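Asks: So that we are looking at the same thing, I have put the structure below in structure tokens.
The values are calculated or read from the model by the stated rules, or taken from the named source; none is laboratory data. Keep in mind that what you see is a predicted model, and the values were worked out from it rather than measured. Glycine also receives a Cβ, built like all others from the backbone with ideal geometry; neighbour counts cover every protein chain displayed. To get the accessible areas, we keep the full protein, side chains included, count just its heavy atoms, and leave off ligands, DNA and RNA. Shrake-Rupley method; radii C 1.70, N 1.55, O 1.52, S 1.80 Å.
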Amino acid sequence: MVPVTTSIFELLKIGPGPSSSHTIGPMRAGFDFMRLIRELPDENRLAADDLEIRLFGSLSATGEGHGTPRAILSGLLGSQPDTCRADTLEQFMDKDKPFDLDLGGRTLAYAPGRIIMDAIQHDYAHPNTMIFRLKAGDRVLLERIYYSVGGGFLRWEGWEEPDRGEPVHPYSTMAELKKHLRDKSLRLHELILANEMAITGATEEEINLGLDHIVAVMEQAVENGIRTSGVLPGPIGLQRKAAAMYDRARQEYFQGPGFIKALNAYALAASEENAAGHCVVTAPTCGAAGVIPAIIFMLKRHTGALQAEVREGLLAACAIGFLCKHNASISGAEVGCQGEVGVASTMAAAMIAYARGYRFQVTENAAEIALEHHLGLTCDPVGGFVQIPCIERNAMGAVKAFNAYLIASTLDESYQKVDLDKAIRAMAQTGRDMSNKYKETSEAGLALSFTEC
Ligand code: SF4
């Protein structure tokens with residue numbers, strides 16, 4: 001089987017919320033298409049008089065609420081997810097307000113409202129499809145079909161895996177990963193670090209700096225969220241809850257239920273920042289961007305975890321995220337929320353166990369327990385906004401991760417009958433069996449019952 005070659009910084013990406021497949025991927029598509037336009041011969045580029053953009057599948061069903069048109073326009077205007085300002089998308093709130101696109105010697109006025117919401121059911125290669133066409137009258141000067149495949153990853157028709165190094169410890173399953181650890185007497189974070197260096201050519205110091213930056217952005221999202229109250233953008237009028245929850249936790253000195261309240265507050269905080277369209281880290285997606293920051297905040301504030309322990313825990317979490325992405329999916333549009341908050345909780349459970357110094361088997365067991373109890377979780381965001389159920393679901397995912405860690409670290413390892421590979425296979429199969437209505441289309445479940453209320 002093909003080994004995992006995903007980089008840590010492809011899985012953990014900084015970018016604007018509220019949805020990695022609906023904002024980060026589309027922003028990248030906008031940026032990429034403008035790059036292609038600027039490479040066109042002058043006679044084509046200067047003849048252009050129209051830009052046609054069509055969204056399909058879940059991008060069409062929930063793109064409006066997720067901010068997809070704004071993200072595309074922002075990409076066309078030169079924004080990239082990891083370097084854009086936290087409030088980048090806010091300048092495009094008026095969907096009829098046109099902006100000048102500089103095609104290179106030719107300017108085209110374009111408003112986010114011109115993006116066409118096309119068929120929800122379609123036959124393209126991925127549910128999240130976008131078609132970009134630069135036109136002169138009826139003549140198509142340039143066309144690219146993009147797929148936003150989850151977690152901010154972007155593919156397109158004809159896309160080929162870029163050349164990258166071979167992993168020194170190739171694995172595609174947890175069983176293969178464990179064999180390396182056993183045979184070579186390696187620790188999990190050492191293996192992931194060695195593979196990252198081989199795949200990307202980065203040094204250990206560069207990777208550690210990158211991880212520290214990721215942790216800092218995650219912590220900042222929590223800090224911002226627990227200090228901000230008010231109502232989130234969008235027609236639901238959803239009240240932010242993190243600040244109030246954090247206050248209650250503080251009044252209880254973070255003891256007993258106060259500790260769980262704090263953990264909830266941290267996850268709500270980063271998720272609310274995501275829902276506001278502010279900067280978060282895909283972990284593994286924007287929709288699930290509250291779970292791992294909550295665990296990092298908890299580890300550092302409440303257990304005194306050192307930065308090195310957090311880094312190692314994050315590398316262990318990445319190993320789990322890679323396996324879920326490789327053998328199932330981290331896209332709500334493909335497998336429902338089990339692939340987003342479910343995978344985030346799975347990664348987070350592994351992270352706690354590993355950062356707390358537990359043996360590898362406890363780490364795997366914690367991950368398996370967390371994933372097992374997210375199987376079948378559907379994706380049905382109300383109104384297409386990453387708010388209900390997404391924000392509280394992140395809090396549930398963080399608490400479940402902590403509980404999975406408690407079960408795995410308290411009981412004898414040998415009690416565990418299901419391994420992580422089996423749980424990941426079950427997630428993939430459940431995702432295949434799940435009706436498309438429950439895959440980020442807002443056509444069923446809570447999205448429907450909320451409308452009917
Ligand atoms: S329900 Fe889950 S998968 Fe769907 S948008 Fe919300 S967080 Fe993402």
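Asks: Starting at 0 and stepping by 10 Å, how many percent of the alpha carbon pairs of the chain end up in each bin?
Replies: The percentages, shortest bin first, are 5, 22, 32, 25, 12, 3, 1, 0.
Asks: Mind giving me the FRET efficiency for D100 and K422? R0 is 51 Å, r the Cβ-Cβ distance, nearest 0.05 is fine.
Replies: The calculated FRET efficiency here is 0.40.
Asks: Now a separate question. So what does R133 come to for accessible area, using a 1.4 Å probe and Å² rounded to 10?
Replies: 50
Asks: What's the FRET efficiency of D183 with D123 using the Cβ-Cβ distance as r and R₀ = 45 Å, to the nearest 0.05?
Replies: With a Förster radius of 45 Å, E is 0.50.
Asks: Put a dot 7 Å past each Cα toward the Cβ at Y415 and L36; how far apart are the dots in nm?
Replies: Simple spin-label model gives 5.5 nm for this pair.
Asks: Straight-line reach from K417: which lysines fall under 17 Å, measuring Cα to Cα and dropping same-chain residues less than 8 apart?
Replies: Answer for K417, where 17 Å is the Cα cut-off: K178, listed by chain and number.
Asks: Ok, one more. Taking the alpha-carbon centroid of each part, what is the distance from region 206-276 to region 309-388 in angstrom?
Replies: When both Cα centres are located, 19 Å separates them.
Asks: A further question follows. Report the dimensions of region 181-267 along its three principal axes from the alpha-carbon atoms, largest first, rounded to Å.
Replies: 50, 34, 21
Asks: Further question: What length, rounded to one decimal in nm, is gained on full extension from D163 through to S435, with 0.36 nm per residue of separation minus their alpha-carbon distance?
Replies: Here the segment from D163 to S435 would lengthen by 94.3 nm.
Asks: Starting from region 224-331, pick out the chymotrypsin sites (Phe, Trp or Tyr not before Pro) whose DSSP state is loop and whose Cβ has at most 10 other Cβ atoms within 10 Å.
Replies: Y253
Asks: At 1.4 Å probe size, with every protein chain present, just tell me what the per residue accessible area of the chain comes to in Å².
Replies: Normalised by residue count, the accessible surface of the chain is 39 Å².
Asks: Around T107, with a cut-off of 14 angstrom between Cβ atoms, what is the net charge of the other residues, counting Lys and Arg +1 and Asp and Glu -1?
Replies: -1
Asks: Per residue, how big is the convex hull of region 352-453 when only Cα atoms are used? Give it in Å³.
Replies: Enclosed volume per residue, from the Cα hull, is 104 Å³.
Asks: How much accessible surface does H122 have with a 1.4 Å probe, in Å² rounded to 10?
Replies: The accessible area of H122 comes to roughly 50 Å².
Asks: Ok, one more. Using the basic label-point model (7 angstrom from Cα toward the beta carbon), what is the S449 to H302 distance in nanometres?
Replies: It works out to 2.9 nm between the two label points.
Asks: D94 accessible area, nearest 10 Å², 1.4 Å probe?
Replies: Around 80 Å² of this residue is reachable by solvent.
Asks: Also: So if I take the alpha carbon set of region 200-340, get Rg, then get Rh from the Kirkwood formula, what is the Rg over Rh ratio? Write out the running numbers ahead of the final one.
Replies: On the way: Rg = 15.9 Å, Rh = 16.0 Å.
Dividing the radius of gyration by the Kirkwood radius yields 0.99.
Asks: With contacts defined as alpha carbon pairs under 8 Å and 6 or more residues apart, what's the relative contact order of region 174-452 in percent?
Replies: 18
Asks: Taking all pairs of different Cα atoms in region 70-173, averaging 1/r and flipping that mean, what Kirkwood radius in angstroms comes out?
Replies: Value: 16.6 Å, from the Cα pair sum.
Asks: So, one more: For region 138-203, what are the per-bin percents of Cα-Cα distances with bins 10 Å wide, up to the bin holding the maximum?
Replies: 17, 31, 29, 14, 7, 3, 0
Asks: How many percent of the accessible area of the chain is carbon or sulfur, using a 1.4 Å probe?
Replies: Exposed carbon and sulfur together represent 50 percent of the surface.
Asks: So how far, in whole Å, is the C-alpha centre of region 109-129 from the one of region 425-442?
Replies: When both Cα centres are located, 21 Å separates them.
Asks: Of K13/K179; K179/K422; K179/K325, which ones are farther than 25 Å apart at the Cα? Could the numbers behind the result be given before it?
Replies: Numbers: K13/K179 29 Å; K179/K422 17 Å; K179/K325 20 Å.
Correct reply: K13/K179.
Asks: Where a Cα-Cα gap under 26 Å defines reach, which lysines qualify for K261, not counting those fewer than 8 residues away within the same chain?
Replies: K241, K300, K400
Asks: Taking 0.36 nm per residue of sequence separation and subtracting the Cα-Cα distance, how much length would be gained by fully extending the chain between S229 and R114, in nm to one decimal?
Replies: The span from S229 to R114 would gain 38.1 nm if fully extended.
Asks: Show E219, E364 ordered by accessible area, largest first, where the area counts protein heavy atoms only and the probe is 1.4 Å.
Replies: Values: E219 40, E364 5 Å².
Correct descending sequence by accessible area is E219, E364.
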